[in-house]
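Worksheet: the structure to be examined is printed underneath.
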2 protein chains.
Amino acid sequence: MDKLMRRLSTQDQNFKQIFADLLAFETVSDPELLKTVDQIIADVRQHGDAHVLKLTQQFDRHPAHQFSELELTQEQLKAAFEGLSTEVREALELAANRVREFHQAQKQDGWTYVDALGNTLGQKVTPLDRVGIYVPGGLASYPSSVLMNAVPAHVAGVAEIIMVVPAPNGDLNPLVLAAAYLAGVHRVFTIGGAQAVAALAYGTETIPRVDKITGPGNRFVAAAKRAVFGQVGIDMIAGPSEILVYAEGENNAEWLAMDLLSQAEHDTVAQAVFITPDEDLLNAVGEWIEKHLEALPKAEIARTSIENRGALVLVKDRAEGAELINQVAPEHLMLCLDEAEAMAEDIRHAGAIFMGRYTPEAIGDYCAGPNHVLPTSGTARFSSPLGVYDFQKRSSLIMCSENGVKTLAKTADILAQQENLDAHARSARYRYQ
Amino acid sequence: MDKLMRRLSTQDQNFKQIFADLLAFETVSDPELLKTVDQIIADVRQHGDAHVLKLTQQFDRHPAHQFSELELTQEQLKAAFEGLSTEVREALELAANRVREFHQAQKQDGWTYVDALGNTLGQKVTPLDRVGIYVPGGLASYPSSVLMNAVPAHVAGVAEIIMVVPAPNGDLNPLVLAAAYLAGVHRVFTIGGAQAVAALAYGTETIPRVDKITGPGNRFVAAAKRAVFGQVGIDMIAGPSEILVYAEGENNAEWLAMDLLSQAEHDTVAQAVFITPDEDLLNAVGEWIEKHLEALPKAEIARTSIENRGALVLVKDRAEGAELINQVAPEHLMLCLDEAEAMAEDIRHAGAIFMGRYTPEAIGDYCAGPNHVLPTSGTARFSSPLGVYDFQKRSSLIMCSENGVKTLAKTADILAQQENLDAHARSARYRYQ
């Protein structure tokens, strides 16, 4: 096989095994890393601000001499926003507005009903009090990530949104600060790594303890989030980015190739998979990928991703394509065919479904409206895009009347006795005897 | 202080510190335990059924000679159900029906809208394909837990619900099997511990891989769930049970004392806290607790819980009471006063709120309708009762028209360039140029 990109057919011998191996991606937990992270968390809990400052000077070579220099003011955020070119400012505003509009449709309300016995039952929905948003520094410091994490929290009604973003050598991306301003972030600290996660989870003299931490980070950040899970809520631990494009019928192969490359350019371990029942289209897409790889600025990253983890897969028909898609449970799914909506009915597992030929995945990263924080590595089997619901939680409501409780109390009494929980049985019995 | 139960007042010097220390409960992660659990998971992944059988024979002293003996048939579940006394069967049916009715109100549907540009946006909601429910064996093998885990999964539309329950010496609680029958559990394996969690997370020759594992278990089960998080979804790792009762005005102190004891009898580290602005009521409740502790079958457990982790707290007024409640974020909250509903408005964090004098917490454990799997140890700050929403997940839907995409593609192009993601920018540009 002298082609750059792996070509598979469901008719191949051992296709199932080869395809399963291609999808497999397991992050190995490194005991040394976990030990380092546990130590950082313990030290931040004990020494607070002082330790966070020390590690920030050490790891980020940040020039700050005291902790207060690590907090930005709202004026600084506003100035960053006002310093943008008109074109970029308008693009960021359009994105923020569309993300806000979409997420407003996700907001959940409480409800109650009165049962046949006259008891009131329901759920109350409340926002989290305070959340922390982790934004990576350096090259992966994306303004779009700020919007995608902060806007849903803001729409949910979170009273205090705290952003942390490391500033290597004291340098910050002004677009990230502008996005924080637009998204309604309340406080920004220029810290990062496991020490920032620990500070948010447990609080320090200056940084208040949050209730949930969301946002992507390097392996130290991921390990720290896993370690503080339970003390605070966390979002999913993100794996490498993925795209699966299914196409049939009239299509522009060059467009499809670029859609696949747009994920491949993220990361050498990103995954781009193309599935089609049309062998000519498969070949054309493969050729366009090779061609564009010659010119793309991030060609080296994209080439490694395409060679190691990419695939062009020929299927018998659409039904077989849908079956493979459900097996992959891709983060991003593009369905490029006339009957995209009908096919989407058969998709059970995907983070986001882009339908038709005029819906490139890239618009979902920035401004379509839906969140770009999506379940990776097959976790769309059991999890959802980041949303307003991640920043709200529910409390059950139960209020029985003097009469309405009787049937329930008798039932609880009987069942509690079966479970040998005598105080349960008695506390129920008082209410009906 | 010669009283059994700790008495505090918000007027005490150092009240804040004393109260914070009382609430603190941290499970220490034991490196030896984690190593054992990691090894069990690795062995189950490698050897499948054979290793699960071996550990089940070893740890549970189960008499099975081959793996197939560890699966129960639907006939066995049905026989267990039909073998119940009429009283118990009817109580279990009433509980299952009420839990089902309440959870049906939680079911979420997808939605779409068309934006001003003519693009369709929305979310699709789908059930998980397959879930695993862990039910502890032996003394803590509660039929109510089976209902509370399996019914929401069933209401969500999960196609396959697999229950695991260890059978020490081959013994099973027939009520647990009856509850599985009523709740619509599809398959039952009599296995437990970290090996059962590993088998559900990765699958074996006989046990299919699930998408999410819920349900309580011992520290091996908790550590295993934490270890497989990411490979599958999990519910929260549960801490000890807690109740907080707030009362004022006309109340029966004996009832309130028994409500507090109903949590204390669960576990020596369970927590029962009583808060009131009424010193006479506080004293009366304290006296009834001491009195009932003389007669309760589980007095030894309850006494340890009350002595070590219980408290009677005198507050200035209702507002101060609400503030303390929000600080605790209790699993179970009883508000026993005329204005319970008004006070509930001020509660931001609680797993379940039981309002009025005729709503004992115990009915919530069995048959009120809401779930009894609730966030513990203050995690109600950021998490919710187990519900249908835990067995459903969402996919974003995006479909642009040829015209509608233009504004979005242009915006994505501009922002992608700012993030130096050239393939993103180009794939967007194709759609508007």
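Worth pointing out:
- Cα-centre dipole for the protein assembly as shown with unit charges at Cβ (Lys and Arg positive, Asp and Glu negative), debye to 20: 400
- Whole-Å distance, taken between Cα centres, linking region A:111-169 and region B:52-89: 44
- Other residues within the sphere of radius under 10 Å centred on the Cβ of residue A:389, judged by their own Cβ, net out at +3 (K and R +1, D and E -1).
- Percent RCO, i.e. relative contact order, over region A:239-381, from Cα pairs under 8 Å lying at least 6 residues apart: 27
- Cα lying deepest toward the dipole's positive end in chain B, options B:305, B:152, B:108, charges on Cβ: B:108
- Per residue, the convex hull around the alpha carbon atoms of region B:167-218 comes to 102 Å³.
- Relative contact order (%) - region B:146-298, alpha-carbon pairs under 8 angstrom, separation at least six: 15
- Highest-fluctuation residue, B:260, B:147, B:22 considered, GNM on chain B with Cα pairs under 10 Å: B:22
- When the charge dipole of the protein assembly as shown is built from unit charges on Cβ atoms (+1 for Lys and Arg, -1 for Asp and Glu) and taken about the Cα centre, the candidate among B:382, B:274, A:39 whose Cα reaches farthest toward its positive end is A:39.
- Rounded to the nearest 20 debye, dipole of chain B from Cβ charges on Lys, Arg, Asp, Glu: 1980
- Inter-centroid distance (Cα atoms) of region B:195-250 relative to region B:404-426, Å: 42
- Inter-chain Cβ neighbour average for residues B:377-386, partner chain, 10 Å: 6
- DSSP beta bridge pairing in chain B, given as percent antiparallel to the nearest 5: 30
- Remark on region B:74-165: hydrodynamic radius 15.9 angstrom, per the Kirkwood mean of 1/r across alpha carbon pairs.
- Geometric descriptor of the protein assembly as shown, per residue, is 166 Å³ (volume of the convex hull of the Cα atoms).
- Inverting the pair-averaged 1/r between distinct Cα atoms of chain B gives 24.3 Å as its Kirkwood hydrodynamic radius.
- The simple Förster model, with R0 at 56 Å and r as the Cβ-Cβ distance, assigns residue B:140 and residue A:280 a FRET efficiency of 0.35.
- Charged neighbours of residue B:319, selected by a Cβ distance under 14 Å, balance to -4 (K, R count +1; D, E count -1).
- Based on the Stokes-Einstein relation at 20 °C and a viscosity of 1.002 mPa s, and on the Kirkwood radius from alpha carbon pairs, region B:274-344 is assigned a translational diffusion coefficient of 158 µm²/s.
- As a fraction of the 1.4 Å probe accessible area of the protein assembly as shown, surface on carbon and sulfur atoms comes out at 47 percent.
- Taking only the Cα atoms of region B:31-234, the ratio Rg/Rh comes out at 1.04, with Rh defined as the Kirkwood radius.
- Between A:95, A:24, A:368, the GNM of chain A built on Cα springs shorter than 10 angstrom shows A:24 fluctuating the most.
- Descending semi-axes in Å of region A:239-381, equivalent ellipsoid built from Cα gyration tensor: 20, 18, 14
- Centre separation in Å (Cα based) which lies between region B:1-35 and region B:339-402: 26
- Rg to Rh, two decimals, where region A:236-303 supplies the alpha carbon set and Rh follows Kirkwood: 0.99
- Between B:174, B:136, B:375, the GNM of chain B built on Cα springs shorter than 10 angstrom shows B:174 fluctuating the most.
- Convex hull of Cα atoms in region A:22-121, direction-averaged projection (nm²): 16.0
- Residues of type lysines that residue B:225 reaches as a straight line, Cα spacing below 29 Å, ignoring anything fewer than 8 places off in the same chain: A:16, A:35, A:124, A:212, A:225, A:393, B:35, B:54, B:107, B:124, B:212, B:393
- Simple spin-label estimate for residue B:294 and residue A:87 gives 8.6 nm between the two label positions (7 Å along the Cα-to-Cβ direction from each Cα).
- Counting only residues at least eight positions apart within a chain, or on another chain, the lysines with an alpha carbon under 24 Å from that of residue B:298 are A:410, B:3.
- DSSP beta bridges in region A:31-234 [antiparallel fraction, %, rounded to 5]: 30
- Solvent-accessible surface (1.4 angstrom probe) belonging to residue B:214, in square angstrom, nearest 10: 0
- Computed over region B:363-433, relative contact order equals 20 percent, with contacts defined as Cα pairs under 8 Å that lie 6+ residues apart.
- Summing Lys and Arg as +1 and Asp and Glu as -1 over all other residues whose Cβ lies under 10 Å from the Cβ of residue B:6 gives a net charge of +2.
- MRE, 222 nm, helices only [DSSP H, n ≥ 4, -39500 (n - 2.57), over chain A, to nearest 500]: -13500 deg cm²/dmol
The values are calculated or read from the model by the stated rules, or taken from the named source; none is laboratory data. Because the structure is predicted, anything quoted here is derived from the model rather than measured. Here Cβ is always computed from backbone atoms with ideal geometry, including for glycine, and neighbour counts include all displayed protein chains. Note: areas computed on protein heavy atoms with side chains; ligands, DNA, RNA excluded. Shrake-Rupley method; radii C 1.70, N 1.55, O 1.52, S 1.80 Å.
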